[in-house]
Every structure is written in C-alpha cells, then in structure tokens.
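Worksheet for the structure shown next.
The values are calculated or read from the model by the stated rules, or taken from the named source; none is laboratory data. Note that the structure is predicted; figures quoted are calculated from it, not measured. Ideal geometry is used to build each Cβ from the backbone, glycine not excepted, and the neighbour counts take in all protein chains shown. What goes into the accessible areas is simple: the full protein's heavy atoms, side chains included, and nothing from ligands, DNA or RNA. Shrake-Rupley method; radii C 1.70, N 1.55, O 1.52, S 1.80 Å.
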Amino acid sequence: MPPDPDAAPPATATTETLATAAELAHGFLAGLTGRPVGSALDTQDSDATAVRAAFDVPLPAGPLDPTTVLAELAAAAEPGLVASAGPRYFGFVTGGTLPAALGADWLASAWDQNAASAATSPAAAAAEEAVLRWLADLLGLPAGVAGGLVTGGQAANTTGLAVARKVVLAKAGWDLDRQGLAGAPPVPVVVGAERHTTVDRAVRFLGLGTDAIIPVPADDQGRIRPDALADTLAALPTPARATAIVCAQAGNVNTGACDDLATVADIVRAAGAGWLHVDGAFGLWAAASPTHRHQVAGVEHADSWATDGHKWLNVPYDCGVVFTRHPAAHRDTLGVAAAYLPTGGELRNGYDWVPESSRRTRAFAVWAALRSLGRTGVADLIDRSCHLARRFADRLTAAGTLEIGNDVTLNQVLVRVPGDTADADTRTRALQKAVQQDGTCWLGGTTWRDRAWLRISVSNWSTTPADIDRSADAILDAVPTR
Ligand SMILES: *Cc1c(COP(=O)(O)O)cnc(C)c1O
C-alpha cells in the first residue's frame, strides 16, 4: 500500500535516538586510546572490498527505525575508521576534537542553523563575528581584517587568492567581474618551491593557469629564499610586477618551517608587487604562542591569510578560515545579491565573505573551543605540541638507528633510516608499512629532497609524553634489520 500523504510525518529525533548516538560516540572515544590507530586496512591487512561491503547493503524498500540505523552505521563504519581523533595519530596534520568543540558541533547539527545570513540565523552571524575577531587577535593579524569560515585550508587559499586576483586586476584597470579573464593582463603567481599543493589547485580553480606559477627556490627547510624572491620579482616586466600575487607559507607540511615573513613582506612592498598571501594552514598558529610567535614575525604585513581550525585548533572537521586586510574588496569579490536576500542588517551576512551560500555554522565549535581554552590554553596547546615533537625526535634518534631530516622548531618531524642511498629509502618505506601495521601509532610518508621520509605531526590536544614514548618505542622496534 502506498504511504498516506495526509499522515503525520515521523516524529522528530527522539531522546532514544540521540542517546544511542551519544552512547556510540562515547564508546568510540573511550576506546580511542586502546584501539589500533590505523584502520583495518592497515592493521588487519583487510582489503577495501570488506570496508566497502559493510556499507554496500541494499537500499531498503521502506523506512527503518532511526535508532536501528545508527547502530547499523556504527557497525558498518567500524573496520574503516581511523583513530585520527586520538593521541597517537601523527599522520598529515590532523587535530583531534576538544570536548567543548565536539559538544558545540553536536548542537550545531541539532539546531541546524544556516550560517548563510543574519536572517537565516542571527546566532550564527553573531558567533561568526565574534570568533573571527578572536582569531584575528590570536593569530596576530591587524585590526580591521575581514574574514570567513570555510571548509579548510584549500578553500581558504582559494578564497584569499580570489580576492587577490580581482584586486590586482583592478589595479591594472581590468574589471574581472564584468570582463572575465579572457584577454586580461597576466597575473603571475610567485610561490615558494615547497608551497602546499592546494595553492596550485587554487590557481587552477581561479582560471589563472599553472603557467602563471613562478616557483622560487627554497632553502633546506623549505622556506622561500628571500634573495631569490627579490630576483624573481625584479625580473618581471613592470606591469606584470604590479599584478603579481606572492604566496608565502607559514608551516611547511614536511618540516614545519615558516618563511621569513617580515623579509618577504619587505621585498614584496619594495618591488611594488600586487599582493601578499600567506598560507598558514597550521603554522600561523605559532602566532598564538609567545614562545613560538617569532617564527611568524611580520605576518601582519600580508594582504590575505589562510588557516585551518580542524588542524591545530582541534575543532572537528571541517573548518578553515580566510582573512584579508581589504574588507571592501573582499566583500566585492564574494558578495551576493538577489531580490529575496536581505542586505544591510546590523549583523553581517556570512555569504558575503565566503564562496558558499548555505553553510553549516562552524563558528559554534570554534567559539566553544576558544572559550574552553582561553588565550593561555591555545598557547599551551601550541607549545605542548612543539615540545612533544622535540621529545619524539630525541627519542627516535637516541639509538642511532634513525635520523631526523628537519630542524624541529614547530610540530613536524621528518625521520628515516640513515644513509643517502636508495636502500635506505626502501627500508624507510618498509618501516612506514610496519609502523602502520603495528597500530601503536600512525605516520605517513613523504618524499623530501629526493629521499623517502616518515612524517610526524604532533597536533592533537590529548597527546601525552607517554604517548610519544610508547610510539617512539614502537617505531624503533619496527626499524627493519638488514
Ligand atoms: C593542510 C594544509 C593545506 C590544506 O588544508 P585543508 O584543510 O586540507 O584544505 C594547505 N596548506 C598547508 C600548508 C597545509 O598544511
């Protein structure tokens, strides 16, 4: 029998459904420090087929009870879950979730507020205004910057560079919105050789074309070389120099090194280049620590900044943040207008500052994270991660069976089997697999200066010295003997 269209819709989420979700979540979190850190793909040599099969059940012919569905979901996800929220996951640059941020994120879902505008949710608009102000303050950005909450560093880079593109073209007398890019003056994008790959993707998305990218040599830590930057800018023909966008970096994804931003900013200004963007997905957070902020000295001189909340701030996925020092241009680039969309209220409309229209309210989790940590708590989170990264490096090298490949000044460590040989590369890759299989901790691999390395990133609020020591012991035990 077809459903009766006049029947009442099913009841809203019941206490039982939400209690089941809370119980499942709590069970997972309580087991986080005890479970293997990798998924079953790493630790049990399962194949992807098993992970896929758990979800690939038939679409039911009709409704199922929500509480039952949640239990099914948890069971289906289990073999494919990674303990990346836990204290011994050192892959990529991955934060966990602070308790207050997790709770706030649950509320964001329950409230289901649309952060598009002040009309769709005054609370969302007000929370965004507050957290953007707090973040700009913590990250050492100038007063009056404009910002927006986006999905991550990729979106933040793309948004910052979108504003840059419009502004530098306007300086050359080109109206991007009206005229588009065809026939526009060239926009060189001057980047460090060790920039993050998302910068290149942003350049592709923005239609500037990767031919516009001019890589500048980097030093042995991946920092853009100021002398080479000055030479590169000087070599540009005058009109192209004025439309050039320079992308600097705070926090290289392999070494954690930050470009010398003060010097870079001086060079950009002296050359008359059009714009300075800083990709500071995690490294920008050094500014929140009195002990580490010298590493990003001069950051306030940039025109735009990209950073992440889901990395070092430890809010749940997803959360990125973009700032520019040009509110009018920022809003001009991203703003929307339609007859049914309200404008000009007292609270700002989020959709005028980001590429999206309807959006999740990420600001609730950020607000809760920052309230729960306070200024000293954020600094402590940064300092502790850096201290633990140093401890990790020291433990790993104590036996002489591994070597470190970077100056451990932030939260990143590169480690490998010693020797500048292909054989040491092979053994390093074998070590990566063995560590992932063992499951005590999880690290990824990388290629750095043409050699294989393991990458360690200490970014989780809950990691303890004991976690570092236990992980270092597991890694050392897994070093392949000849
Ligand atoms: C992680 C990272 C990005 C990309 O951030 P997502 O949040 O993954 O989009 C960009 N730049 C740097 C330096 C990063 O570390």
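In segment 224-285, which helices (runs of 4 or more DSSP H) lie fully inside it and hold 1 or more residues that are more than 22 Å from Ala170 (Cα to Cα) and either among the aromatic types (Phe, Trp, Tyr) or within 16 Å of the ligand (Cβ to nearest atom) (or both)? Write out each step before concluding.
Numbers: elements: 226-235, 238-242, 261-271.
Filter on segment 224-285 gives 261-271.
For the criterion of being surrounded by 15 or more Cβ atoms within 10 Å (Cβ to Cβ), within 16 Å of the ligand (Cβ to nearest atom) and either closer than 14 Å to Asn314 by Cα or free of Cβ contacts under 8 Å to residues at least 24 places away in the same chain (or both), Gly96 passes. If you go through segment 149-156 one residue at a time, do you hit one that is in contact with a strand residue (DSSP E or B) (Cβ under 9 Å, 6 or more places away or on another chain), assigned to a strand (DSSP E or B) and touching a residue at least 24 places away in the same chain (Cβ under 8 Å)? Yes, segment 149-156 has at least one match.
Only one of Glu356, Glu346 is touching a residue at least 12 places away in the same chain (Cβ under 8 Å) and more than 25 Å from the chain's Cα centre (by Cα); which?
Numbers: Glu356 fails: more than 25 Å from the chain's Cα centre (by Cα).
None of the other options fit; the residue is Glu346.
Checked against (1) of a type outside the set (Lys, Arg); (2) in contact (Cβ under 8 Å) with a residue 40 or more places away in the chain; (3) within 22 Å of Pro355 (Cβ to Cβ); (4) in contact with a Phe, Trp or Tyr (Cβ under 9 Å, 6 or more places away or on another chain), Val278 passes all but a single condition, namely (2).
Scanning for something surrounded by fewer than 21 Cβ atoms within 10 Å (Cβ to Cβ) and within 14 Å of the ligand (Cβ to nearest atom), does segment 353-367 turn up at least one residue? Taking every residue of segment 353-367 in turn, at least one turns out to be surrounded by fewer than 21 Cβ atoms within 10 Å (Cβ to Cβ) and within 14 Å of the ligand (Cβ to nearest atom). Just so you know, in segment 379-410 the residues that are farther than 20 Å from Asp220 by Cβ and charged (D, E, K, R) include one that is least open to solvent (accessible area, probe 1.4 Å), and it is Asp383.
Residues in segment 288-318 that are within 16 Å of the ligand (Cβ to nearest atom) and under 21 Å from Leu206 (Cα atoms): Ala302, Ser304, Trp305, Ala306, Thr307, Asp308. Here Gly173 passes the criteria (1) free of Cβ contacts under 8 Å to residues at least 40 places away in the same chain; (2) closer than 22 Å to Asp231 by Cα except the one numbered (2).
Of all residues in segment 241-267, those satisfying the criterion of being of a type in the set (A, V, I, L, M), open to solvent by 10 Å² or more (accessible area, probe 1.4 Å) and more than 21 Å from the chain's Cα centre (by Cα) are Ala242, Ala262, Ile267.
If you go through segment 223-240 and keep only what is surrounded by 16 or more Cβ atoms within 10 Å (Cβ to Cβ), of a type outside the set (Lys, Arg) and free of Cβ contacts under 8 Å to residues at least 40 places away in the same chain, you end up with Ala228, Leu229.
How many residues are at positive phi and open to solvent by 10 Å² or more (accessible area, probe 1.4 Å) when one looks only at segment 423-473?
Step one: filter segment 423-473 for residues at positive phi, giving 439, 449-450.
Narrowing the set further to residues that are open to solvent by 10 Å² or more (accessible area, probe 1.4 Å) leaves 449-450.
Residues in segment 423-473 being at positive phi and open to solvent by 10 Å² or more (accessible area, probe 1.4 Å): 2 in total.
Contact map, segment 183-197: residues that are part of a strand (DSSP E or B) paired with residues that are open to solvent by 70 Å² or more (accessible area, probe 1.4 Å), Cβ distance under 8 Å, separation 6+ or inter-chain. Pairs shown: Val191/Pro215; Gly192/Pro215; Gly192/Arg223. If you go through segment 385-402 and keep only what is in contact (Cβ under 8 Å) with a residue 12 or more places away in the chain and among the charged types (D, E, K, R), you end up with Arg390, Arg391, Arg395. Looking at segment 205-212, can you tell me whether even one residue there is away from the ligand (no atom under 16 Å from the Cβ), in contact (Cβ under 8 Å) with a residue 24 or more places away in the chain and on the phi > 0 side of the Ramachandran plot? Among the residues of segment 205-212, at least one is away from the ligand (no atom under 16 Å from the Cβ), in contact (Cβ under 8 Å) with a residue 24 or more places away in the chain and on the phi > 0 side of the Ramachandran plot, which makes the answer yes. Take the residues of segment 110-140 that are acidic (Asp, Glu) and either under 19 Å from Leu347 (Cα atoms) or over 20 Å from the mean Cα position of the chain (by Cα) (or both): which is nearest to the ligand (Cβ to nearest atom)? Only one residue tops the list, namely Glu128. Scanning for something modelled with pLDDT of 95 or more, at negative phi and open to solvent by less than 70 Å² (accessible area, probe 1.4 Å), does segment 49-58 turn up at least one residue? Looking for residues that are modelled with pLDDT of 95 or more, at negative phi and open to solvent by less than 70 Å² (accessible area, probe 1.4 Å), one finds none in segment 49-58, hence no. Residues that are small (Gly, Ala, Ser) and not in a helix (DSSP H, G or I) within segment 350-375 comprise Ser357, Ser358, listed in sequence order.
Taken over segment 56-84, the criterion of being of a type in the set (Asp, Glu) and assigned to a helix (DSSP H, G or I) is satisfied by Glu72, Glu78. Scanning segment 289-343 for residues that are in a loop (DSSP other than H, G, I, E, B), aliphatic (A, V, I, L, M) and either out of contact with any Phe, Trp or Tyr (no Cβ under 6 Å at 6 or more places or on another chain) or open to solvent by less than 50 Å² (accessible area, probe 1.4 Å) (or both) yields Ala297, Ala302, Leu313, Val315, Ala337, Ala338, Ala339, Leu341.
For segment 141-193: of the residues being within 16 Å of the ligand (Cβ to nearest atom) and open to solvent by 30 Å² or more (accessible area, probe 1.4 Å), which is nearest to Gly274 (Cα to Cα)? This residue is Ala193.
Determine whether Asp425 is acidic (Asp, Glu), over 26 Å from Ser46 (Cβ atoms) and touching a residue at least 24 places away in the same chain (Cβ under 8 Å). Spell out the reasoning first.
Numbers: acidic (Asp, Glu): yes; over 26 Å from Ser46 (Cβ atoms): yes; touching a residue at least 24 places away in the same chain (Cβ under 8 Å): yes.
The answer is yes for Asp425.
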